[in-house]
Amino acid sequence: MTDDPRPVWVLGGGGVAGIAWEVGILTGLADEGVTVTPQAILIGTSAGAVVGAQVTSGTPLADLFEHQRGGVAHETSPALGLLDLLRLARAQLFARSPEQAARRLGRLARAARIDDPSRQRRIAEARLPNHAWPDDADLRIVVVDTETGVSRTITRHDGVPLVDAVAASCAMPLSATPVSIGDRRYMDGGMRSTLNLDLAPGNGPVIALAPSTAAIGPWARIDRQRAALGAGRRVELLLRDQASKRAQGTSVMDRSVVPALVAAAREQGRREASRVAAALSTASHP
């Protein structure tokens, strides 16, 4: 563990609903004076990559909230069918490591025939108010190599367009085409873990927003990833409350639930603010 005391915000995956929930949570926290400061490190996976790019774009959080509350017509809600879900589950069966599971998922991703392969990038462009990496924020986006199964964390220093990084982190196998970056093809960072909590660097406090707790293997379980950070590290994990679960319903890709979900999440964020503020108060800045 490196000696970096800055706070870390870990933003997990969870589809269209995950974007709405995280924007709502962050808005509710901000209502109570708890914000993501420029000194913070942000690690985004899938939906969390979108939200990380949004909140560091210079767009006021209130505007991001209103955009969600007004509906997200650019989302196409491409929910996977039962057969595809079974194929994804089978690929992960008995995998002994995240890389082995991801290699199997990557084979499915590369072989899938997607009717509109450019859709993923168009949606990423529509989701982001600014297509340039932020100069004043430490944003890190998790993607997974479809061939090696190894995860990669992309930053502004890598020379990868922000839209490509976000599109890759959201490229769910069988639903979207993997994104080419250099000579590699990348897919959803959630194919390693929906949260990737254990990737939080340094030793500062961690605020983790987890719209999904699904685990593709034992290595992706939140409790195991939490343990990897060490017992002495301050970690506050925010999960969907009952009101947010009711507002979301059963599909993470149903865009019709977004207005109600973002409003429910805002109320939850207000209630969570005191414990998040307490955790952040332990941080110092180099």
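How many Å² of accessible area per residue for the range 215-286, probe 1.4 Å? Before the final figure, lay out each step's value.
On the way: 3750 Å² over 72 residues.
In whole numbers, the range 215-286 has 52 Å² accessible per residue.
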**Report entry** Residue-wise HN-Hα coupling along the range 199-208, computed from phi with Karplus coefficients 6.51, -1.76, 1.60 (Hz; x: Gly, Pro)
**Finding:** 7, 4, x, x, 9, x, x, 10, 10, 10
**Report entry** Amide N of the range 198-233 lying under 19 Å from the label point, which is placed 7 angstrom from the Cα of THR155 along Cα→Cβ
**Finding:** 198-207
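Taking only protein heavy atoms into account and a 1.4 Å probe, give the accessible area per residue of the range 101-156 in Å². Show your work: numbers first, answer last.
Values: 2780 Å² over 56 residues.
On a per-residue basis, 50 Å².
Under 8 Å for C-alpha pairs, at least 6 residues apart: give me the relative contact order for the range 107-202, rounded to a whole percent. Provide the component values of the computation, followed by the final result.
On the way: 149 pairs, mean separation 30.9, N = 96.
For the range 107-202, the relative contact order is 32 percent.
As an exercise, use a Förster radius of 30 Å and the Cβ-Cβ distance of ALA277 and ALA214 to find the FRET efficiency, rounded to the nearest 0.05.
Working: r = 29 Å, r/R0 = 0.96.
E between ALA277 and ALA214, to the nearest 0.05, is 0.55.
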Query raised in the report: Points 7 angstrom from Cα along the Cβ direction at THR35 and LEU85: gap in nanometres?
Result: 4.0
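Fully extended, how many nm does the chain gain between ARG107 and ASP135 (0.36 nm per residue separation, minus their Cα-Cα distance)?
Numbers: separation 28, 0.36 × 28 = 10.08 nm, distance 3.55 nm.
Length gained between ARG107 and ASP135: 6.5 nm.
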Report summary line: Within the chain, excluding any trypsin sites (Lys or Arg not before Pro) found in a DSSP loop (not H, G, I, E or B) and having at most 11 other Cβ atoms within 10 Å, the longest uninterrupted segment runs 114-286
Query raised in the report: In whole Hz, what ³J(HN,Hα) sequence does the range 181-186 give by Karplus (6.51, -1.76, 1.60; θ = phi - 60°), x for Gly and Pro?
Result: 10, x, 9, 10, 10, 10
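In percent, how large is the relative contact order of the range 163-286, given Cα pairs closer than 8 Å and 6 or more residues apart?
Working: 137 pairs, mean separation 24.4, N = 124.
This gives 20 percent for the range 163-286.
Rounded to the nearest percent, how much of the accessible area of the range 105-176 (1.4 Å probe, protein heavy atoms only) is carbon and sulfur?
44
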Report task. Output ³J(HN,Hα) for the range 61-75: one whole-Hz value per residue in order, computed from phi by the Karplus curve 6.51 cos²θ - 1.76 cosθ + 1.60 with θ = phi - 60°, and x for Gly and Pro. Result -> 4, 4, 5, 4, 5, 5, 4, 5, 5, x, x, 10, 5, 6, 7
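The values are calculated or read from the model by the stated rules, or taken from the named source; none is laboratory data. In this text the structure is predicted, and so the values were computed from the model without any measurement. Every residue, glycine among them, receives a Cβ derived from its backbone with ideal geometry; neighbour counts consider all protein chains shown. Please note that ligands, DNA and RNA were not included when accessible areas were found on the heavy atoms of the full protein model with its side chains. Shrake-Rupley method; radii C 1.70, N 1.55, O 1.52, S 1.80 Å.
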